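*Asks:* Quick one: this structure, given as structure tokens, is what I'll be asking you about.
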Amino acid sequence: MALLSFNTHSKHKRDTPVKLISLNASPFARKVRILILELGLQNSVVIQDPGAVTPASNNELLNKVNPLGLVPALELENGENIYDSLIICDYLNHFAGGLLFPNDPEQRIQALALHSLANSMLDLAVSLRYETALRPAELRWQTWIDHQKEKIERGLDSLEKRCPSFNSSPLIGEISVACS
Ligand SMILES: N[C@@H](CCC(=O)N[C@@H](CS)C(=O)NCC(=O)O)C(=O)O
């Protein structure tokens, strides 16, 4: 597969940087930026701000890299693009020979489950933000807003219970919790 044509077990960095389309305000993009720092990939990834990105507008620069118009998105030098923050993180971790996604199946599923909880809370919070900040006030749906908030609160309770099992050296799950 062209995307993974490099040696995934290599510790060597690429010569040509890849480009991350990222917004400072995006918690999903922040997760990728933290991972880049943790993996020491700063010299391999160029970060580009695409300008305004909202569900109520088009950003042509971003749409070229991710047809879904969501940040973050990663543009590779071979013309292929990768999107969804988890997939970008997995790809970069592989590329750097990192261990932020554990190899051990048991630890891997634990890390991904924690990521999933925190990331789904982000999905809820970001859509809630769009509903309350972007949608015209007369079109807002209070019942939906209340239920989104309740889901996030249940998520926070669940995170609190899981705290004692967090890794002191952060893996993809802990990074996702931090961004949430
Ligand atoms: N599942 C995606 C979510 C990305 C996402 O929702 N990004 C927001 C910014 S925080 C976005 O691009 N929103 C624009 C839109 O909804 O059109 C990921 O993990 O990368």
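*Asks:* When you go through Ala137, Ala178 one by one, which is the residue that is of a type in the set (Gly, Ala, Ser) and over 23 Å from Ser85 (Cα atoms)?
*Replies:* Ala137
*Asks:* Touching a residue at least 40 places away in the same chain (Cβ under 8 Å), touching a His at 6+ places or on another chain (Cβ under 8 Å), among the hydroxyl-bearing types (Ser, Thr, Tyr) and surrounded by 14 or more Cβ atoms within 10 Å (Cβ to Cβ): which single residue out of Ser85, Ser176 fits that description?
*Replies:* One residue alone meets the criteria, Ser176.
*Asks:* Another question about this same structure. If a residue counts only when it is touching a Pro at 6+ places or on another chain (Cβ under 7 Å) and more than 22 Å from Asn43 (Cβ to Cβ), which helices (runs of 4 or more DSSP H) contained entirely in the range 62-180 have at least 1 such residues?
*Replies:* Those helices (runs of 4 or more DSSP H) span 105-129, 172-179.
Yes or no, residue by residue, for (1) within 23 Å of Pro170 (Cα to Cα); (2) assigned by TED's automatic domain parsing to the domain that holds Ala29:
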position: Leu41; (1), (2): yes, yes
position: Gly51; (1), (2): no, yes
position: Glu77; (1), (2): no, yes
position: Asp84; (1), (2): yes, yes
position: Tyr91; (1), (2): yes, yes
position: Trp144; (1), (2): no, no
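*Asks:* Let me ask something additional. Output yes when any residue across the range 84-93 is β-branched (Val, Ile, Thr) and within 9 Å of the ligand (Cβ to nearest atom), and no when none is.
*Replies:* yes
*Asks:* Would you pick out the residues in the range 29-53 that are under 20 Å from Asn119 (Cβ atoms) and touching a helix residue (DSSP H, G or I) at 6+ places or on another chain (Cβ under 8 Å)?
*Replies:* Ala29, Arg30, Lys31, Val32, Ile34, Leu35, Ile36, Glu38, Leu39, Val53, listed by residue number.
*Asks:* Among (1) over 21 Å from Ser22 (Cα atoms); (2) touching a residue at least 40 places away in the same chain (Cβ under 8 Å); (3) surrounded by fewer than 20 Cβ atoms within 10 Å (Cβ to Cβ), where does Leu114 come up short?
*Replies:* Failing condition for Leu114: (3).
The values are calculated or read from the model by the stated rules, or taken from the named source; none is laboratory data. On a predicted model such as this, the values are computed, not experimentally measured, just so you know. In this analysis, Cβ positions are derived from the backbone assuming ideal geometry, glycine residues included, and neighbour counts consider all displayed protein chains.
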